[in-house]
Number of protein chains: 2
Amino acid sequence: MRPADELRDAVDEYLAALSFTSDLGELTETMRYPLEAGGKRIRPVLCLAVAEAAGGSVENALPAAAALELVHTFSLVHDDLPALDDDDERRGRPSAHVVFGEGVALLAGDALLAEALRLALTYDASAVARELVDSTLGMIGGQFRDITGDDSDLASVHRLKTGRLFLAGVRMGLETAGVSESERPPWLAFGDEVGLLFQVVDDLLDGDGYVERLGVDGARQLALECADRARAELDRVDADTSVLRELVDVLIVRTG
Amino acid sequence: MRPADELRDAVDEYLAALSFTSDLGELTETMRYPLEAGGKRIRPVLCLAVAEAAGGSVENALPAAAALELVHTFSLVHDDLPALDDDDERRGRPSAHVVFGEGVALLAGDALLAEALRLALTYDASAVARELVDSTLGMIGGQFRDITGDDSDLASVHRLKTGRLFLAGVRMGLETAGVSESERPPWLAFGDEVGLLFQVVDDLLDGDGYVERLGVDGARQLALECADRARAELDRVDADTSVLRELVDVLIVRTG
């Protein structure tokens, strides 16, 4: 089992070497800018770690993992636009639309989504592409609820906006490893818990969301419960899940 | 062979009955607004007419045809945003972003693209989805060249921005009809000519593009030459292509 930091390096290398459609011309420069800003690559690492724990290969899961990161990056580029969150900075650098202009950033986001699908379609079976599309639609549904203020059920907004891509990472990892449907439930339940855990930790770092709802101590308590439930799901799996446990530990450490 | 207006009715009915992912919630209202504005449905009709002429069924080609119209509609919704063309009207009605706000229109465009892919992935083979993604990327590349002023080669901008979706209509129609690669060249050459013909006719109606480049008479001449070449390609096909000829005639009549 490769540790999480090696998996992250594998994702970074794969993304750096990724070719985009030549028809896009210099738009690819705007697409690479947010993609190369780094970040934790937690969604693709989760996908690779699940694939390897489930008996698949990291190499075979890399296109699926990278596709997931492209979808995540597309959502950040569009989210940062003035029409949505109007964020001028992302990861300590000017946002894509500040550097390249709003119109070009909008098109770069569109192209990142389409390239993600192109990558998912490199598999013979279409299950990976289907999962990527379904989770993207769920994420967009969550973004819509978020901006229209329909957040009466915070958990359901986050389950869509953040959770769907985490769950997709697990599903696509299982798919590339050839895990049958009947064996998937504990893995998927683990994916749900990790998605929620990530969101709660993110809110603890930003002081919003669950912190506003539950207070700092309440949010920390929720994060610990999520981590416990995630580990309990891994206990139900007959596999070496050490790297997945490491991911949970890394997330929980960030809660302070 | 069903005539073009019957094919258009079939597209309209299919789109009106189309279900979107429930996770999208009320965002589907914003997605349906531009989709129900009508329009000529020329891309999906082309797809259906090719499928039927090539020995396939309209029913089997309808998801591909509708997916193409969703991609076209996504591109219109994003194009109309202030970040790009800043058009407040579309087909005589306020644009989506005027009615629903910029942020919601942006997300609705994203969701239309993802739903298009979801629809293309309902086929067992992934060739339809691959073609849809490739043509979408080509179209985005054309939009990028268009807004960045790199239109030194007008023909190449239009081949991407407009032509790729026309060609995709032909390709996807052939795919759903099971036409082999070796039989496709004349059909695809026809698709290229129809895409260019549509663009020239559009420019004649708007008084821009090829009209600025060639003058009204020059553009009309180019349209007639495209139509002749399109018909000549159909002559090379051993099939009843009467409906495709009808589409060419309808386009050419619009040049006045």
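The values are calculated or read from the model by the stated rules, or taken from the named source; none is laboratory data. The shown structure was predicted, so the numbers you read here are calculated from the model rather than taken from an experiment. Counting neighbours? That spans all protein chains shown, and the Cβs are built from the backbone with ideal geometry, glycine included. The area values use the complete protein model at the heavy-atom level, side chains included, leaving out ligands, DNA and RNA. Shrake-Rupley method; radii C 1.70, N 1.55, O 1.52, S 1.80 Å.
Report, by residue number, each residue of the range B:158-183 that is among the basic types (Lys, Arg) and in contact with a Lys or Arg (Cβ under 9 Å, 6 or more places away or on another chain). I'd like the intermediate steps shown before the answer.
Quick first cut of the range B:158-183, residues among the basic types (Lys, Arg) only: B:159, B:161, B:164, B:171.
The answer is B:Lys161, B:Arg171.
I need a count of the residues in the range A:171-190 that are open to solvent by 50 Å² or more (accessible area, probe 1.4 Å) and part of a helix (DSSP H, G or I).
Residues in the range A:171-190 being open to solvent by 50 Å² or more (accessible area, probe 1.4 Å) and part of a helix (DSSP H, G or I): 6 in total.
Looking at (1) of a type in the set (Val, Ile, Thr); (2) surrounded by fewer than 21 Cβ atoms within 10 Å (Cβ to Cβ); (3) away from every other protein chain (no Cβ under 14 Å), which is the one condition that is false for A:Thr21?
With (1) of a type in the set (Val, Ile, Thr); (2) surrounded by fewer than 21 Cβ atoms within 10 Å (Cβ to Cβ); (3) away from every other protein chain (no Cβ under 14 Å) applied to A:Thr21, the lone miss is (3).
Hey, among A:Asp238, A:Asp217, A:Asp228, A:Asp249, which residue is in a loop (DSSP other than H, G, I, E, B) and open to solvent by 60 Å² or more (accessible area, probe 1.4 Å)?
On inspection, the qualifying residue turns out to be A:Asp238.
Filter the range A:90-119 for residues that are in contact with a helix residue (DSSP H, G or I) (Cβ under 9 Å, 6 or more places away or on another chain) and more than 9 Å from chain B (Cβ to nearest Cβ) and give the result.
A:Arg90, A:Arg91, A:Arg93, A:Ser95, A:Ala96, A:Val98, A:Val99, A:Phe100, A:Leu112, A:Ala116, A:Leu119
Suppose we filter the range B:1-37 for residues that are outside any helix (DSSP H, G or I) and farther than 21 Å from B:Val194 by Cα; how many remain?
Result for the range B:1-37: 8.
Could you check A:Lys40 against (1) at the interface with another protein chain (Cβ under 9 Å from one of its Cβ atoms); (2) outside any helix (DSSP H, G or I); (3) not acidic (Asp, Glu) and say which number it fails?
(1)
Could you tell me whether any residue of the range A:101-122 is over 15 Å from B:Leu121 (Cα atoms), modelled with pLDDT of 95 or more and surrounded by fewer than 20 Cβ atoms within 10 Å (Cβ to Cβ)?
Yes, some residue in the range A:101-122 is over 15 Å from B:Leu121 (Cα atoms), modelled with pLDDT of 95 or more and surrounded by fewer than 20 Cβ atoms within 10 Å (Cβ to Cβ).
Out of A:Arg8, A:Arg41, A:Arg91, A:Arg2, I need the residue that is open to solvent by 60 Å² or more (accessible area, probe 1.4 Å) and within 22 Å of A:Thr122 (Cα to Cα). Which one?
Going through A:Arg8, A:Arg41, A:Arg91, A:Arg2 in turn, the sole match is A:Arg8.
Scan the range A:65-86 for residues that are surrounded by fewer than 22 Cβ atoms within 10 Å (Cβ to Cβ) and more than 13 Å from every other protein chain (Cβ to nearest Cβ) and report the count.
So the count comes out to 0.
Go through A:Ser135, A:Ser156 for me and flag whichever is within 14 Å of another protein chain (Cβ to nearest Cβ), among the hydroxyl-bearing types (Ser, Thr, Tyr) and closer than 23 Å to A:Leu81 by Cβ.
Within the list A:Ser135, A:Ser156, the selection yields A:Ser135.
Just checking, does the range B:117-137 include any residue being on the phi > 0 side of the Ramachandran plot and in contact (Cβ under 8 Å) with a residue 60 or more places away in the chain?
Checked against the condition, which is being on the phi > 0 side of the Ramachandran plot and in contact (Cβ under 8 Å) with a residue 60 or more places away in the chain, the range B:117-137 yields no hits at all.
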